[in-house]
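Worksheet: the structure to be examined is printed underneath.
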Amino acid sequence: MSISSACSTIALSKFIQALPKAELHVHIEGTLEPELLFALAQRNKITLPYSSVQALRKAYAFDDLQSFLDLYYAGAAVLLTENDFYDMTMAYLHRAHADGVIHAEIMFDPQTHTERGVAIATVFAGIARALREMRKATGMSSYLLLSFLRHLSEAAAFATLESALPLRDTYQDLWIGIGLDSAEDGNPPEKFTRVFARCKELGFRLVAHAGEEGPASYVTSALDQLRVERIDHGVRSEEDPALMQRLIQQQIPLTVCPLSNVKLKVVTDLSQHNLAHFLRAGVLVTINSDDPAYFGGYIADNYLACAQALNLSNDELVTLARNSIQASFLPSDRKYTLLHSVQA
Ligand code: HPA
Ligand code: ZN
């Protein structure tokens, strides 16, 4: 790299970090860095099948979504106590704050933990303590999206919902929504129609992963059957022109995760990513990190990599930051204040 291109990369990084932005698609379990994973394993006397942090990091080479999920669920096994969830969440919040995140909507997968015997109350308590402390210390706001694992049954999702509902009052400032994640292939949105209808009745905001590895028809059924307000990923929507028109007309947000899409081979190369097409066509797209500990970058890294690979202008980066606030579940008065701060 020449000195002038290094200087322009530094200037672009600073511009991106200074943009107030919301992160709307991040799995808290996917923020567990190998160093902390090793430290928690030691604290909890768990033996890992890797000799070192470096050996674990080296294993983060994926062929597809499933090969990632296998490692991601295995890694989450070091999380046992409230303090473990607190430490993981705090580490993410510090990284996000440094990247200019002023609001985060964070997914967590209770079933990954309750299946191992960890109480759902422990999961909530550790994550929420970190979110509230960070809000107090920096003003950064956050919400929680409890996500169902789609490779499990709808009955299991109902049971998870029932076990979480007694905690709703305690976490009413944080737990505002429901998501759907894990292996898309063979697990279409309509598998969860009844549980999502129940969640809607209860007043939760709804999102679902769709159109990451699964076809565009999964995006349509997430919208029509699950009645979600926002689509996580959705990059395969482009295969259906009528769906594209709908996304644009109804301004349905997509939470795109570019570095994740490269690592999971959803796209061959970042220069081939359709994010810029979506943006220029008028889709309400946003940039997010998904599982930053596994995919090689937090939110600002995602913005920077896209700016460089897709030749995004500074105005387009501002639009992406504005979109992230627009697409959030924040009340309209706070959205308005934050949109003004982006423009400034
Ligand atoms: N897709 C589906 N499920 C997930 C992901 C993802 O990218 N990350 C964590 N769980
Ligand atoms: Zn995701």
>> Please go through the range 33-47 and give me each residue that is open to solvent by less than 40 Å² (accessible area, probe 1.4 Å) and out of contact with any Asp or Glu (no Cβ under 8 Å at 6 or more places or on another chain), ordered by number.
In response: E33, P34, L37, A41
> Do you know which residues across the range 308-333 are in a helix (DSSP H, G or I) and open to solvent by 10 Å² or more (accessible area, probe 1.4 Å)?
Replying inline: Q308, A309, N314, D315, E316, V318, T319, R322, N323, Q326, S332, D333
>> Looking only at the range 278-299, how many residues end up being of a type in the set (A, V, I, L, M, F, W, C) and open to solvent by 10 Å² or more (accessible area, probe 1.4 Å)?
In response: 3
> Pick from the range 217-236 the residues that are open to solvent by 10 Å² or more (accessible area, probe 1.4 Å) and of a type in the set (D, E, K, R): which of them is nearest to ligand 1 (Cβ to nearest atom)?
Replying inline: R236
> Can you find even one residue in the range 255-270 that is surrounded by fewer than 22 Cβ atoms within 10 Å (Cβ to Cβ), assigned to a helix (DSSP H, G or I) and away from ligand 2 (no atom under 16 Å from the Cβ)?
Replying inline: yes
>> Kindly evaluate L312 against the criterion of being more than 20 Å from R280 (Cβ to Cβ) and either hydrophobic (A, V, I, L, M, F, W, C) or touching a residue at least 40 places away in the same chain (Cβ under 8 Å) (or both).
In response: no
> Only one of (1) of a type in the set (D, E); (2) surrounded by fewer than 17 Cβ atoms within 10 Å (Cβ to Cβ); (3) within 16 Å of ligand 2 (Cβ to nearest atom) fails for E239. Which number is that?
Replying inline: (3)
>> Of the conditions (1) under 21 Å from R57 (Cα atoms); (2) away from ligand 1 (no atom under 12 Å from the Cβ); (3) in a helix (DSSP H, G or I), Q249 satisfies every one except a single condition; which number is it?
In response: (1)
>> For the range 1-32, which positions are of a type in the set (D, E, K, R) and open to solvent by 30 Å² or more (accessible area, probe 1.4 Å)?
In response: K14
> Looking only at the range 54-81, which residues are open to solvent by 30 Å² or more (accessible area, probe 1.4 Å) and more than 16 Å from ligand 2 (Cβ to nearest atom)?
Replying inline: Q54, A55, R57, K58, A59, A61, D63, A74, A77, L80, T81
>> When you scan the range 144-162, do you find a residue that is surrounded by 16 or more Cβ atoms within 10 Å (Cβ to Cβ), closer than 23 Å to G100 by Cβ and touching a residue at least 40 places away in the same chain (Cβ under 8 Å), even just one?
In response: yes
> Taking the range 102-141 as the search range and keeping residues that are in a helix (DSSP H, G or I), aliphatic (A, V, I, L, M) and more than 16 Å from ligand 1 (Cβ to nearest atom), which one is surrounded by the most Cβ atoms within 10 Å (Cβ to Cβ)?
Replying inline: L131
> Can we say Y72 is in a helix (DSSP H, G or I) and within 22 Å of K136 (Cβ to Cβ)?
Replying inline: no
> How many residues are open to solvent by less than 20 Å² (accessible area, probe 1.4 Å), more than 16 Å from ligand 2 (Cβ to nearest atom) and within 19 Å of the chain's Cα centre (by Cα) if we restrict to the range 164-195?
Replying inline: 2
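The values are calculated or read from the model by the stated rules, or taken from the named source; none is laboratory data. Since the structure is predicted, the reported quantities are computational estimates derived from the model, not experimental observations. All Cβ positions, glycine included, derive from the backbone under ideal geometry; neighbour counts span all protein chains shown. In case anyone asks, the SASA skips ligands and DNA or RNA and just uses the protein heavy atoms, side chains included. Shrake-Rupley method; radii C 1.70, N 1.55, O 1.52, S 1.80 Å.
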